[in-house]
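Q: Handing you this structure, nothing more for now.
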Amino acid sequence: MIFDNRSRTVKCKLFVWPVLALAVTLTAQAQQGKFAVINIQGAIISTKDGQKAAAELNAKTAPKKKELEQKQNEINGLQDQLNKGSNTLSDSAKNDLYKNIEAKKKNLQREVEDAQADLEADQNKLLQQLGQKILAVIEKYARDNGYTMVVDVSSPQTPVLYASPSIDITKEIIELYDKNAAPGAAAPTPTTSKPPAAAPAAPKPAPKPAGQ
């Protein structure tokens, strides 16, 4: 199926994401410390928010996916017609049929590429929203539990050859994220948040007229 072959859903492809494909370093100068690893891509799609986002994207792309599949089936039917009529159709008819198939293929290719671009844009938007929240959870968890460094191992570029399962905090972060995301729960505050703006100074009283 065209849409499936050219694009994975949120559950299958968690979007290459430069914001979180890095190590969250809490003490850059530490020579020794307590370290942990996390699969952020897996964590995001396993949270309730991530699963909801995946379902919403699937529902949003379903009509377009069906439309593209129908157009592909139409092309397949024309190709089959051309193959079966290779000995019975006139050269002119075969040529017209061939041109029709090629034109439909080009149009379909453009539509697939446009649909792919739209899907990736939606995925990246959702990831940015979910990523900032889960990053705040990671930072708070690391500080509360005395971790010096947390490394994301979901990216192929992460230079981690081996990590013991005992230092994998993915499950803990998922549970903590869902707990904080529950109605009424206070979300953790990222350490990178800007300080609140200073309140405006109170206006000075107007000077009294002379003689009063």
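The values are calculated or read from the model by the stated rules, or taken from the named source; none is laboratory data. From a predicted model like this one, the values you see are computed outputs, not experimental measurements. Please note: Cβ atoms are built from the backbone with ideal geometry, for glycine as well, and neighbour counts cover all protein chains shown. To get the accessible areas, we keep the full protein, side chains included, count just its heavy atoms, and leave off ligands, DNA and RNA. Shrake-Rupley method; radii C 1.70, N 1.55, O 1.52, S 1.80 Å.
Q: Before we move on, is Leu127 over 26 Å from Gln72 (Cβ atoms), of a type in the set (A, V, I, L, M) and part of a helix (DSSP H, G or I)?
A: Taking the combined requirement at face value, the residue satisfies it.
Q: Looking only at residues in the stretch 142-172 that are more than 16 Å from Ile40 (Cβ to Cβ) and part of a helix (DSSP H, G or I), which one is most open to solvent (accessible area, probe 1.4 Å)?
A: Selected residue: Arg143.
Q: Continuing with the same structure: If we keep just the residues of the stretch 18-39 that are at pLDDT below 90 and not in a loop (DSSP other than H, G, I, E, B), which is nearest to Pro156 (Cα to Cα)?
A: Ranking the candidates gives Ala23 first.
Q: Now for a separate question. Which residues, counting only those in the stretch 71-90, are open to solvent by 80 Å² or more (accessible area, probe 1.4 Å) and touching a residue at least 60 places away in the same chain (Cβ under 8 Å)?
A: Across the stretch 71-90, there are no qualifying residues.
Q: So which pairs qualify, if the first residue must be in the stretch 111-134 and on the phi < 0 side of the Ramachandran plot, the second must be among the small types (Gly, Ala, Ser), the Cβ gap must be under 6 Å, and the two must be at least 6 apart or on different chains?
A: That search, which allows pairs on different chains as well, returns Gln116/Ser7; Leu119/Ser7; Leu126/Ala53.
Q: A further question follows. Among Phe15, Phe3, which is the only one that is modelled with pLDDT under 95, assigned to a loop (DSSP other than H, G, I, E, B) and either of a type in the set (Asp, Glu) or open to solvent by less than 80 Å² (accessible area, probe 1.4 Å) (or both)?
A: Result of the check over Phe15, Phe3: Phe15.
Q: Hey, can you tell me all the residues within the stretch 146-178 that are free of Cβ contacts under 8 Å to residues at least 12 places away in the same chain and more than 21 Å from the chain's Cα centre (by Cα)?
A: Pro159, Leu161, Tyr162, Ser164, Pro165, Ser166
Q: Only residues that are open to solvent by 70 Å² or more (accessible area, probe 1.4 Å) and of a type in the set (Gly, Ala, Ser): list them for the stretch 91-141, please.
A: Passing the criteria: only Ser92.
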